[in-house]
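Enquirer: The structure's right below; bear with me while I get my questions together.
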Amino acid sequence: MSAPSGVRPGLPLEQAKPRNPLSRARIERISDRTVSAFGLVFGLQTLPSALGQLGDLREPWGIVAMVAIFGGLALTVVLAIVQRGVKITMGVLSVVYLAAIVTWPLLAEHPSAFANDKPWVWFLCSVFTAFAAVAYPLWLAVVYTFVAPIAYGVVRALPEGGGAGFELAALDTIYAVILGGVILAIITMMRQASSAVDAAQSQALARYATAVRQHATEVERVQVDAIVHDSVLTTLLSAASARSPEQKELAAAMAADAIGHLHAAEAATPEDQSVDSLDALADRLVTAAKAFSSPFVVEVHDVEDHDLPANVAEAVYSATVQAMVNSMQHAGASGVKRSVSLRGGGPSSSVEVVVRDDGRGFTESEVPAERLGLRISIRDRIAKVGGRARIESEPGAGTTVTILWPASDEQPLGVPAGQAAAREAVAGPGPEVDA
């Protein structure tokens, strides 16, 4: 199977996952927007009937009731779009609607007008039972689903509500209860399903973290066992059989070597400890940038004659590629400028990589927990080799991912940010490769 367009085969990219996973928060947003739109549509259909019955209601209370209910429906749609205070508004409007039903006998100035035409509040009964299903706890939503239709049925049977009679009022009540119950059941099942998905996802992430720790512990144990078997036991056997000064001196040297192995195993990660050049890392990043469908401007500074541990070079490369992939996936496609800057040098052979774009940006606190790109593929990967990653982003202001190694170096080159910028302004930018 061929690799996706713009991605070089073999890159350690984040594992594929659904872009819009089912979650309780997502279901709540969908419910808010769907039910508010449902209410607005029914409100627009009911408005002509309400205006036609306005002359049969007492002034100014008929107008007050209409403005409160229909204005509330419009306000709910706006709040659902911006996701601010939707449930509170729905809960308040449900109470206002129930109050309008209960006080309808006081609003009706000409009850005979409603003998043939149903009061306009009837047509919104299913809307506000849906509002209650979204806004209230389950038990309270169930109570409202029965109370609101029953209250309307009682009013409809009264002379002020048109005196429809018991049978017709009961049919209207049963119809409203069934419709409200169906809506409540659908919303409840969606919430329960999404909550189950959230719980399963949290458990999976916890198990994954536990498995990673267990794997690292097992690798370290195997490494230490090998050292103990190959070095320590051999040293002990040699020391036990040493008789001559030469043999004792050899046993002492072997003991010192075994202690060194143990210290190295304690401080090292269970990865390859060979060395890669910083120049080779730069070449790999340039090649990766050229392979992507979106262009990256690559800048390379001071990479000659500097080496990195192989595991550090691999971690920096993988985290940088992940940052580049995130930029292509989430920053936007047209008109977005992207760049990668690699800078090396300093007394500790430090390295700094900056991946920057001027795309749409994001708020990091709003990134779902199931998205592992920032946390696992970038931050944790760099932290495991003694580095750190800093992510700066704002909606509409682009994103900057800075990867530093080692983590103790605030400025890998030993130069403050202001001085570095001034130096570049005088000397000009480093070599650029338009990938």
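Enquirer: Which pairs do you get when a residue that is touching a residue at least 40 places away in the same chain (Cβ under 8 Å), found in the stretch 52-63, comes within reach of a residue that is surrounded by fewer than 14 Cβ atoms within 10 Å (Cβ to Cβ) and of a type in the set (Gly, Ala, Ser), reach meaning Cβ atoms under 9 angstrom, with the pair 6+ apart or on two chains?
Expert: Sorted first by the residue in the stretch 52-63, then by its partner, the pairs are 56/112; 62/55.
Enquirer: Of the residues 142, 121, which is β-branched (Val, Ile, Thr) and crowded, with 23+ Cβ neighbours inside 10 Å?
Expert: After applying the criteria, what remains is 121.
Enquirer: Let me ask you something else. If residue 161 passes every condition in (1) within 21 Å of residue 76 (Cα to Cα); (2) buried (at least 24 other Cβ atoms within 10 Å of the Cβ) but one, which one does it miss?
Expert: Of (1) within 21 Å of residue 76 (Cα to Cα); (2) buried (at least 24 other Cβ atoms within 10 Å of the Cβ), only one is false for residue 161: (1).
Enquirer: Within the set of pairs 6 or more residues apart or between chains, which connect a residue that is without any contact (Cβ under 8 Å) to a residue 60 or more places away in the chain inside the stretch 107-119 to a residue that is surrounded by 16 or more Cβ atoms within 10 Å (Cβ to Cβ) and part of a loop (DSSP other than H, G, I, E, B) with Cβ atoms less than 6 Å apart?
Expert: 115/162
Enquirer: For the stretch 319-336, which positions are polar (S, T, N, Q) and closer than 11 Å to residue 403 by Cα?
Expert: 320
Enquirer: For the stretch 288-391, give me every one of the strands (runs of 3 or more DSSP E) that falls completely inside it and has 1 or more residues that are modelled with pLDDT of 75 or more and closer than 30 Å to residue 25 by Cα.
Expert: Strands (runs of 3 or more DSSP E) meeting the threshold: 350-357.
The values are calculated or read from the model by the stated rules, or taken from the named source; none is laboratory data. Since we're looking at a predicted model, the values are computed, not measured. Quick reminder, even Gly has a Cβ in these numbers, built from the backbone with ideal geometry, and neighbours come from all protein chains shown.
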